[in-house]
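Data first, discussion second: the structure below is written as structure tokens.
Rule-based calculations on the coordinates, nothing more; no lab input. Predicted, not measured: the structure shown is a model, and the values here were computed from it. Virtual Cβ from ideal backbone geometry, glycine too; neighbours counted across all protein chains shown.
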Amino acid sequence: MKVLPQLFENNRKWANQITKSDPTFFQKLSQQQSPELLWIGCSDSRVPANQIVGLLPGELFVHRNVANLVIHTDMNCLSVVQYAVEVLKIKHIIVCGHYGCGGIKAAIDNRPHGLIDNWLRHIRDIYRKHLDELMCITDKDKQMDRLCELNIVAQVMNVGNMTTVQDAWEKGRPLSIHGWIYGISNGILLDLGVCISSAEELKELEK
Ligand code: CO
């Protein structure tokens, strides 16, 4: 018995639609992928990477986890970045978080959530580091929004400090890291203006 039949039906419709507009689309795609962008985003179902930036299969290399964290010992994320930079030779890494992130909320709500709390500790570290600024924001939602932004900036710096990225910069390869945030309540993407394209720019951002 086929489970979730609707999804297979949707898939056939989707594949037909694409083939109609470009009969060789999948054939060409099966030969190679050459995306210029790596997207590191949140697992949240409301933030589908390709759709919100209007890109087709083959145009975006994607890594997603809860709260779009880039942790220096996370072999999964490290491997994705290494493959993207060294093999696919992508030119842009986008760290895209979103307002209203459940992971960010859970990190500071002082309630136990089980195993995921170990993952979310990294956000508590960012929260503690910026406690003075955050405490000046009296509106709780705005405070959370700011923490979502600060988390993205921290992850941009973490990407910049990855050995793979440092090596690419040392070799003079063009590679930029961007920090973007998406509004799930309006569908709008914003650039946080923390783009770094060299070790020097990383140092500036870390000041
Ligand atoms: Co999220």
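The one condition from (1) within 16 Å of the ligand (Cβ to nearest atom); (2) on the phi > 0 side of the Ramachandran plot that Gly114 does not meet is (1). I'd like the residue in region 44-65 that is free of Cβ contacts under 8 Å to residues at least 12 places away in the same chain and under 27 Å from His122 (Cα atoms) and, out of all such residues, is nearest to the ligand (Cβ to nearest atom). Residue satisfying both the conditions and the ranking: Ser45. Among the residues making up region 70-90, none is surrounded by fewer than 17 Cβ atoms within 10 Å (Cβ to Cβ), within 16 Å of the ligand (Cβ to nearest atom) and not in a loop (DSSP other than H, G, I, E, B).
Would you check which residues across region 81-119 are within 21 Å of Glu149 (Cβ to Cβ) and of a type in the set (Phe, Trp, Tyr) and list them? If the condition is that a residue be within 21 Å of Glu149 (Cβ to Cβ) and of a type in the set (Phe, Trp, Tyr), then Tyr99, Trp119 are the ones that fit.
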